[in-house]
Amino acid sequence: MTATAAAFGFRPSWHPTGLERAKFYPIVSGYAANIYKGDPVLLGSGGNLGAVTIGATSGDLVGVFAGVEYVDVTGRPVVSNFWPTGLVATQIRAYVWDDPDTVFEVQTDGTGTVTAAAEATWVGGQMNCVAPGTTVGNTGLSASALAGSSFTSTAQAQFRIIRIATDVRDTVGDQFLTLQVQIAQHQFRANKVAV
């Protein structure tokens, strides 16, 4: 059985302590970008200083978005998998898996040469993400993935590859692998290039 392109964002797989806890951060009311559960995020600057913003396809990250709760303009409390662009609300709490030691599972986007057959050549390498801020249907879940074409074994990228995940769909030569990764460019920790 071969895996197909079915990106699901970044989801926590395990943590050395056995605990995968999300912490809360603010989002600025009216922030004009979609953020979906499983999207990489960072702490913003300027008018968004200290607040969660959507991650880019390169650069530092603070963690992965786990959902949000807020009070909407009618006074109704809302708990959601995603932040819709431009939402005006109060009492906003964005939940983020922000521990640098958290290991996430994520699918590759099918580009590049990272395949199960070449595992010994890419464990310890790094990749950037692709498609943050996009969703799978109307689920509120992220469609972000790893950009296989961004793989490096000598330079800095956003995510460090720990190993292939234990997904039974992954087979030798498959381009849409599910990998276990950690954030390598974390806002709370000094960067370390690929080994």
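Laboratory data are not the source of any read-out in this text; all were calculated from the coordinates shown. Just so you know, these numbers come straight off a predicted model, no measurement behind them. Positions of Cβ are backbone-derived with ideal geometry, glycine not excepted, and every protein chain shown enters the neighbour counts.
For region 142-168, the candidate set comprises residues that are farther than 24 Å from L42 by Cα and charged (D, E, K, R); within that set, the residue that is surrounded by the most Cβ atoms within 10 Å (Cβ to Cβ) is D167.
Of P16, P40, all but one fail to be of a type outside the set (A, V, I, L, M, F, W, C), exposed (fewer than 12 other Cβ atoms within 10 Å of the Cβ) and either within 20 Å of T135 (Cα to Cα) or touching a residue at least 60 places away in the same chain (Cβ under 8 Å) (or both); the exception is P16.
Set side by side, the residues T139, T102 differ, and just one is buried (at least 19 other Cβ atoms within 10 Å of the Cβ) and β-branched (V, I, T), which is T102.
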